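Colleague: Dropping the structure in here first, questions after.
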Amino acid sequence: MFPQSTVLDPLFWMLLGAIQVLLFAGVNQWAKEHQLGMNWWKWALAGGWWFSFVLTIAGAFTLLGENEGNAGWYFLGFAGTLLVIAGAGLLKVLLVLRDKSQQLA
Amino acid sequence: MVDKKHSEEAAASLSRRNFLKMGGIAAATATVGAAAGAGFVAGRDPDANVGWGRTEAGKDMYFNREPFRVDKAPCLNIAGPIERPEWGDFLFNRVMSMGGSMHKDGWKPNKDWQQIPDPRVREYYSRYPERWPEMLLSFREKVKHDANLEKHRDRFALAWAYSGAFGTGLHSNFPPVPTAHPDEDDFKWVKREPMEFQSPAHASKLVKQMANKFGMSLVGVTKLDPSFVFKNMMRGMPDWGEEIPKHWKNVIIFGVPMNWDPMYAAIGYSTSFDAYYRVKQASGLMAAWLGELGYAARPQFPGADYEAMMVPLAIQAGLGEATRNGILMTPEVGPNIRLAAVFTNLDLEADKPVDLHMGHFCESCKICADSCPSGSISKADKPDTVVRGYKKYGFNQDSCWRFWQQGPSETGLGCRVCIAVCPYTRKNNWIHALVKESDPRDPTGLTRNALLAMQHNFFYYPDAENYHAEWSGGNFASYHQPPEWLRSENYLKVEKTWEYDGNWEGI
Ligand code: SF4
Ligand code: SF4
């Protein structure tokens, strides 16, 4: 975020890493409240989706930053739409599995 | 009392839960913002400008070629008897000779190439008579170029000043152009008996480090292959045959990219002179350094001071591959590279060529051919011609030159659109670094196909005609719009009367 900066750049990445802990705690709380019954593969899928989403945004904005405006927006629109659909699908699966486990209980 | 304690605990737990939930949302929002911000500045980061702008040690800007070394360059396919290039094959020889005939002898170019005074130029057009109309047109187009240029100085003043500054540096006499027999001239800086290296490998290792220290971004070593040495020409000698001096044993070949942002803004805002100046100086420094250690050296440098063809020698030294537009393509800077070399009698360990599958990419890409404003690059699916025994894509150097003469550079020299639009011409930021590392390692071609689909569908390329100057039917388009520091309206008292056609940040 702060290229060539001796202090700000490492601080930025440390802060961003710390924020991910807060993010995980928050998502965990939401998941508990909605009784999603998160296990290792559900976490892996959710984490993978989040990583891809963030990477897509970073990739699109990198293209914008290097003056590839068209490519940046198209990439965001294309990959972003696919990821939003995939994210909605993943949420649906998590909710369906919760309903099933509640029915079984 | 117990109830109160319970309700306090419940309230605390609720507020902790709410804090975590809201904190999670805030963290997610901040992360998305940070990804966008970090991505944007990574794209803007001048540290992604591979080459002389970065530290010479800059480890991650170099591509590790070792896993891709091969004995034979995949792009140097022999399909007929090998012939050495002729004097007339070198465009600048023809152009300079015809210029001399016009100015000194009053010759006027006309439709009949057989009336060209210099028999060596005639020999070339006897082989390619279909190219003469393009060369003829170039003379007329240059007149038009010169007549229209001043009208556009307000717009291009800073770009032309930048180019002109390097042009002045480029035309200084260092290293000096040879003036005597190579057996004498190449030894003019030799100060002592040769100091022996521990081994050719030691010599190569040090020579490469020296090239970096002299400001070069990429360097390789190869044996001098006679098939790429011009016949019938030798600087400093009015007459020369086919002889190759015995002390021309090895080639140290190196290069730097042109400054990235002007290069992307080809034609009017770009220049080759910046990189030419740097590689020329480095060739002189390398020659002088070799002389200090007792070795002969023959620098080869731009604009036109060569006895051999640089691109195939660079391919043999493993700097990259040949591609559709005929330029050297490197993994670090694509075709955005300018080369110089030094021939020497120092024993060196040669590098091997590389196979990075660039040829496969070119087969389906064709972006340079579609963008070329003069239609000089072949659009064939596979290499479609044989030149001096090597299979390659057809390239019409005369129509390319015609376009140089009509394009919106101050000197009428250079275009560089095919370099700017090439998907390999990418800075060293994280997305391109990932791509350049994965594509050569992907045997399925999936990476290549995905990239090409993106290149063809997501990226904006101005129409080929739009790269032309207004005086020849275009709108001065460039692949990228010019950088802030080359826009005269940002610094000079000029009235902006133009719009830019080219890629920009899109925000
Ligand atoms: S330099 Fe310009 S005219 Fe020449 S081949 Fe490249 S794009 Fe075409
Ligand atoms: S633009 Fe495409 S076809 Fe042309 S040299 Fe680059 S990769 Fe090859």
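Colleague: Which of (1) modelled with pLDDT under 95; (2) more than 10 Å from every other protein chain (Cβ to nearest Cβ) does A:TRP13 not meet, given it meets every other one?
Modeller: (2)
Colleague: Listed residues B:MET263, B:MET258, B:MET329; which is in a strand (DSSP E or B), touching a residue at least 24 places away in the same chain (Cβ under 8 Å) and within 16 Å of ligand 2 (Cβ to nearest atom)? Full working, then the answer.
Modeller: Numbers: B:MET263 fails: in a strand (DSSP E or B); B:MET258 fails: in a strand (DSSP E or B).
Unique residue meeting the criteria: B:MET329.
Colleague: Being open to solvent by 60 Å² or more (accessible area, probe 1.4 Å), touching a residue at least 12 places away in the same chain (Cβ under 8 Å) and part of a helix (DSSP H, G or I): is that true of B:LYS191 here? So that I can check it myself, show each step before the final result.
Modeller: Values: open to solvent by 60 Å² or more (accessible area, probe 1.4 Å): yes; touching a residue at least 12 places away in the same chain (Cβ under 8 Å): yes; part of a helix (DSSP H, G or I): no.
The answer is no for B:LYS191.
Colleague: Restricting attention to the stretch B:297-324, report how many residues are open to solvent by less than 10 Å² (accessible area, probe 1.4 Å) and either within 16 Å of ligand 1 (Cβ to nearest atom) or free of Cβ contacts under 8 Å to residues at least 60 places away in the same chain (or both).
Modeller: Residues meeting the conditions: 4.
Colleague: Condition (residue is outside any helix (DSSP H, G or I) and either touching a residue at least 60 places away in the same chain (Cβ under 8 Å) or not polar (S, T, N, Q) (or both)) applied to the stretch A:19-33: is it met by at least one residue?
Modeller: Kept after step one, since they are outside any helix (DSSP H, G or I), are these residues of the stretch A:19-33: none.
Scanning the stretch A:19-33, I find no residue that is outside any helix (DSSP H, G or I) and either touching a residue at least 60 places away in the same chain (Cβ under 8 Å) or not polar (S, T, N, Q) (or both), so the answer is no.
Colleague: Now for a separate question. Among helices (runs of 4 or more DSSP H) lying entirely in the stretch B:402-507, which contain 3 or more residues that are within 11 Å of another protein chain (Cβ to nearest Cβ) and either open to solvent by 40 Å² or more (accessible area, probe 1.4 Å) or within 28 Å of B:ALA36 (Cβ to Cβ) (or both)? Can you show your working first?
Modeller: Numbers: elements: B:417-421, B:430-438, B:446-458.
Counting at least 3 such residues, we get B:430-438, B:446-458.
Colleague: Which members of the stretch B:266-283 meet the condition of being among the aromatic types (Phe, Trp, Tyr) and not in a helix (DSSP H, G or I)?
Modeller: Taking the stretch B:266-283 as the starting set, the residues that turn out to be among the aromatic types (Phe, Trp, Tyr) are B:269, B:273, B:276-277.
Of everything in the stretch B:266-283, just one residue is among the aromatic types (Phe, Trp, Tyr) and not in a helix (DSSP H, G or I), namely B:TYR269.
Colleague: Further, regarding this structure: Can you pull out the residues in the stretch B:363-396 that are within 8 Å of ligand 1 (Cβ to nearest atom) and either basic (Lys, Arg) or not in a loop (DSSP other than H, G, I, E, B) (or both)?
Modeller: The answer is B:CYS368, B:SER371, B:ILE377, B:PHE395.
Colleague: Working carefully through the options B:PRO85, B:PRO81, find the one that is within 30 Å of B:VAL354 (Cα to Cα), surrounded by fewer than 19 Cβ atoms within 10 Å (Cβ to Cβ) and not assigned by TED's automatic domain parsing to the domain that holds B:PRO312.
Modeller: Numbers: B:PRO85 fails: surrounded by fewer than 19 Cβ atoms within 10 Å (Cβ to Cβ).
Testing whether each residue is within 30 Å of B:VAL354 (Cα to Cα), surrounded by fewer than 19 Cβ atoms within 10 Å (Cβ to Cβ) and not assigned by TED's automatic domain parsing to the domain that holds B:PRO312 leaves just B:PRO81.
Colleague: Counting only residues that are among the aliphatic types (A, V, I, L, M) and open to solvent by 30 Å² or more (accessible area, probe 1.4 Å), which one in the stretch A:26-53 is farthest from the other protein chains (Cβ to nearest Cβ)?
Modeller: Pass one, the stretch A:26-53, residues among the aliphatic types (A, V, I, L, M): A:27, A:31, A:36, A:38, A:44-46.
Next cut, open to solvent by 30 Å² or more (accessible area, probe 1.4 Å) only: A:27, A:38, A:44-45.
Working: A:VAL27: 5, A:MET38: 14, A:ALA44: 18, A:LEU45: 17 Å.
Only one residue tops the list, namely A:ALA44.
Colleague: Which numbered condition trips up B:GLY164, out of (1) under 21 Å from B:PHE476 (Cβ atoms); (2) under 22 Å from the mean Cα position of the chain (by Cα); (3) surrounded by 16 or more Cβ atoms within 10 Å (Cβ to Cβ)?
Modeller: Unmet condition: (3).
Colleague: Across the stretch A:67-78, which residue is nearest to B:ASN429 (Cα to Cα) among those that are at the interface with chain B (Cβ under 7 Å from one of its Cβ atoms) and open to solvent by 10 Å² or more (accessible area, probe 1.4 Å)?
Modeller: A:ASN67
Colleague: I'd like the residue in the stretch A:8-25 that is of a type in the set (A, V, I, L, M) and surrounded by 15 or more Cβ atoms within 10 Å (Cβ to Cβ) and, out of all such residues, is farthest from A:ARG98 (Cα to Cα).
Modeller: Within the stretch A:8-25, the first condition is being of a type in the set (A, V, I, L, M), and the residues that meet it are A:8, A:11, A:14-16, A:18-19, A:21-23, A:25.
Imposing the further condition that a residue be surrounded by 15 or more Cβ atoms within 10 Å (Cβ to Cβ) reduces the set to A:16, A:19, A:22-23, A:25.
Details: A:LEU16: 31, A:ILE19: 28, A:LEU22: 24, A:LEU23: 22, A:ALA25: 20 Å.
That would be A:LEU16.
Colleague: Now for a separate question. For residues that are under 26 Å from B:GLY303 (Cβ atoms) and part of a helix (DSSP H, G or I), tally how many sit in the stretch B:77-133.
Modeller: 30
Colleague: Looking for whichever is within 10 Å of ligand 2 (Cβ to nearest atom) and either among the aromatic types (Phe, Trp, Tyr) or in contact with a strand residue (DSSP E or B) (Cβ under 8 Å, 6 or more places away or on another chain) (or both) here; the options are B:CYS368, B:CYS372. Which one fits?
Modeller: Details: B:CYS372 fails: either among the aromatic types (Phe, Trp, Tyr) or in contact with a strand residue (DSSP E or B) (Cβ under 8 Å, 6 or more places away or on another chain) (or both).
Result of the check over B:CYS368, B:CYS372: B:CYS368.
Colleague: Step by step: first the residues of the stretch B:387-401, then only those that are within 15 Å of ligand 2 (Cβ to nearest atom) and free of Cβ contacts under 8 Å to residues at least 60 places away in the same chain, then the one that is surrounded by the most Cβ atoms within 10 Å (Cβ to Cβ). Which residue is that?
Modeller: It comes out as B:CYS400.
Colleague: If you scan the stretch B:332-357, which residues turn out to be over 12 Å from the mean Cα position of the chain (by Cα) and either within 14 Å of ligand 1 (Cβ to nearest atom) or outside any strand (DSSP E or B) (or both)? Break it down stepwise before answering.
Modeller: We begin by selecting, within the stretch B:332-357, every residue over 12 Å from the mean Cα position of the chain (by Cα); these are B:341-357.
Listed by number, the residues that qualify are B:ASN345, B:LEU346, B:ASP347, B:LEU348, B:GLU349, B:ALA350, B:ASP351, B:LYS352, B:PRO353, B:ASP355, B:LEU356, B:HIS357.
Colleague: Pull out all pairs, ordered by first then second residue, where Cβ-Cβ is under 6 Å, the residues are six or more apart or on different chains, the first lies in the stretch B:365-386 and is more than 18 Å from B:PHE459 (Cβ to Cβ) and open to solvent by less than 20 Å² (accessible area, probe 1.4 Å), and the second is part of a loop (DSSP other than H, G, I, E, B) and aromatic (Phe, Trp, Tyr).
Modeller: Matching pairs, first to second residue: B:SER378/B:TYR393.
Colleague: Right, another one. Being touching a residue at least 60 places away in the same chain (Cβ under 8 Å) and more than 22 Å from the chain's Cα centre (by Cα) is the filter here; which residues of the stretch B:467-484 pass it?
Modeller: Here is the first cut: in the stretch B:467-484, the residues touching a residue at least 60 places away in the same chain (Cβ under 8 Å) are B:467-472, B:474, B:476, B:478-483.
Across the stretch B:467-484, the qualifying residues are B:ALA469, B:GLU470, B:TRP471, B:SER472, B:GLY474.
Colleague: Hey, another quick one. Would you be able to say whether some residue in the stretch B:336-357 is over 29 Å from B:PHE156 (Cβ atoms), open to solvent by 10 Å² or more (accessible area, probe 1.4 Å), within 15 Å of ligand 2 (Cβ to nearest atom) and free of Cβ contacts under 8 Å to residues at least 60 places away in the same chain?
Modeller: Taking the stretch B:336-357 and keeping what is over 29 Å from B:PHE156 (Cβ atoms), we get B:341-357.
Adding the requirement that they be open to solvent by 10 Å² or more (accessible area, probe 1.4 Å) leaves B:345, B:347, B:349-353, B:355, B:357.
Filter once more, keeping what is within 15 Å of ligand 2 (Cβ to nearest atom): B:357.
Imposing the further condition that a residue be free of Cβ contacts under 8 Å to residues at least 60 places away in the same chain reduces the set to none.
No - not one qualifying residue is present in the stretch B:336-357.
The values are calculated or read from the model by the stated rules, or taken from the named source; none is laboratory data. What you are looking at is a predicted structure, and each value in this text was computed from that prediction instead of being measured. Cβ sites come from the backbone with ideal geometry, for glycine too, and all protein chains shown count toward neighbours. Accessible surface is based on the protein model in full, side chains and every heavy atom, while ligands, DNA and RNA are left aside. Shrake-Rupley method; radii C 1.70, N 1.55, O 1.52, S 1.80 Å.
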